[in-house]
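Participant: Submitted below is the structure of interest, expressed as structure tokens.
The values are calculated or read from the model by the stated rules, or taken from the named source; none is laboratory data. What you are looking at is a predicted structure, and each value in this text was computed from that prediction instead of being measured. Don't worry about glycine lacking a Cβ; one is built from the backbone with ideal geometry, like all the others, and counts go over all protein chains shown.
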Amino acid sequence: MMRRLASILIVMVLVGGAVNAQQASAEKSKKELRKERKELRKRQLQISQDSIKQAIEEHDFTLRANTVKSRRGQTLPVDNLINFVQIEGDEIAVQFGDILAVGHNGVGGITYQGKIQDLKFIENEDGKGFSVNVIFNSPGTIHAASVRLDVNGENVKAQFTDGPRRATLIGSFERASESLVFVSPNRSDRILFW
């Protein structure tokens with residue numbers, strides 16, 4: 001009886017040690033999986049950022065805005081088919097609109113269209129992301145207007161400035177050649193909601 005009890009005890013210790021070793025290896029694999037997922041996400045963001053940079057260099061870029069932020073900090077959800085920044089060839093279009101209203105440009109807002117005068121890339125110091133400054137002339141402006149595109153991974157935002165008029169568009173990227181945005185042919189020199 002004593003031998004049997006000793007044998008059972010030895011088997012339990014050995015089985016307990018094996019189970020403990022399996023748990024340690026499982027935790028190690030969780031850490032490895034987490035690290036692999038983190039590296040995969042980092043690579044995906046870099047690929048996305050590189051494709052955005054290539055599209056801007058090729059002048060085939062559209063930022064479809066889901067949110068517009070005014071100079072006073074008001075944030076508005078917007079329709080991304082009529083609120084965008086589009087660079088196509090040497091032309092740029094910045095459009096703001098509201099699908100519920102009829103505005104000066106036919107889509108409840110304003111459209112700036114013009115020729116790009118200057119386009120400069122600026123790499124961020126931390127190596128994450130980049131910015132692009134675009135200066136252009138539009139018939140609706142007295143002086144040159146500007147757009148600053150900030151790209152960090154998949155996040156894209158554009159800060160539009162025309163003298164005292166400023167707004168920030170936040171949204172997603174797509175190539176202008178594949179974009180379905182509606183560029184209004186009408187222009188205006190007044191903005192209703194700024």
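Participant: Pick out the one residue from LYS53, LYS128, LYS69 that is under 20 Å from ASN155 (Cβ atoms) and in a loop (DSSP other than H, G, I, E, B). I'd like the intermediate steps shown before the answer.
Facilitator: Details: LYS53 fails: in a loop (DSSP other than H, G, I, E, B); LYS69 fails: in a loop (DSSP other than H, G, I, E, B).
Testing whether each residue is under 20 Å from ASN155 (Cβ atoms) and in a loop (DSSP other than H, G, I, E, B) leaves just LYS128.
Participant: Only residues that are surrounded by fewer than 16 Cβ atoms within 10 Å (Cβ to Cβ) and either farther than 21 Å from GLN44 by Cβ or in contact (Cβ under 8 Å) with a residue 60 or more places away in the chain (or both): list them for region 112-134, please. Walk me through how you get there before you give the answer.
Facilitator: Step one: list which residues in region 112-134 are surrounded by fewer than 16 Cβ atoms within 10 Å (Cβ to Cβ), which gives 115, 117-118, 120-128, 133.
Listed by number, the residues that qualify are LYS115, GLN117, ASP118, LYS120, PHE121, ILE122, GLU125, ASN133.
Participant: While we're on this one: Determine whether region 72-79 contains at least one residue that is touching a residue at least 12 places away in the same chain (Cβ under 8 Å), under 17 Å from VAL183 (Cα atoms), of a type outside the set (Ser, Thr, Tyr) and assigned to a strand (DSSP E or B).
Facilitator: No - not one qualifying residue is present in region 72-79.
Participant: I would also like to ask the following. Could you count how many residues in region 64-76 are modelled with pLDDT of 90 or more, touching a Ser or Thr at 6+ places or on another chain (Cβ under 8 Å) and not β-branched (Val, Ile, Thr)?
Facilitator: So the count comes out to 3.
Participant: While we're here: Being of a type in the set (Asp, Glu) and more than 18 Å from VAL151 (Cα to Cα), is that true of even one residue in region 64-81? Steps first, please.
Facilitator: At the first step, the residues of region 64-81 found to be of a type in the set (Asp, Glu) are 79.
Now drop any that are not more than 18 Å from VAL151 (Cα to Cα), which leaves 79.
Within region 64-81 (the criterion being of a type in the set (Asp, Glu) and more than 18 Å from VAL151 (Cα to Cα)), the answer is yes, since at least one residue qualifies.
Participant: Out of all the residues in region 159-181, which are closer than 15 Å to GLY109 by Cβ, assigned to a strand (DSSP E or B) and among the aliphatic types (A, V, I, L, M)?
Facilitator: ALA167, LEU169
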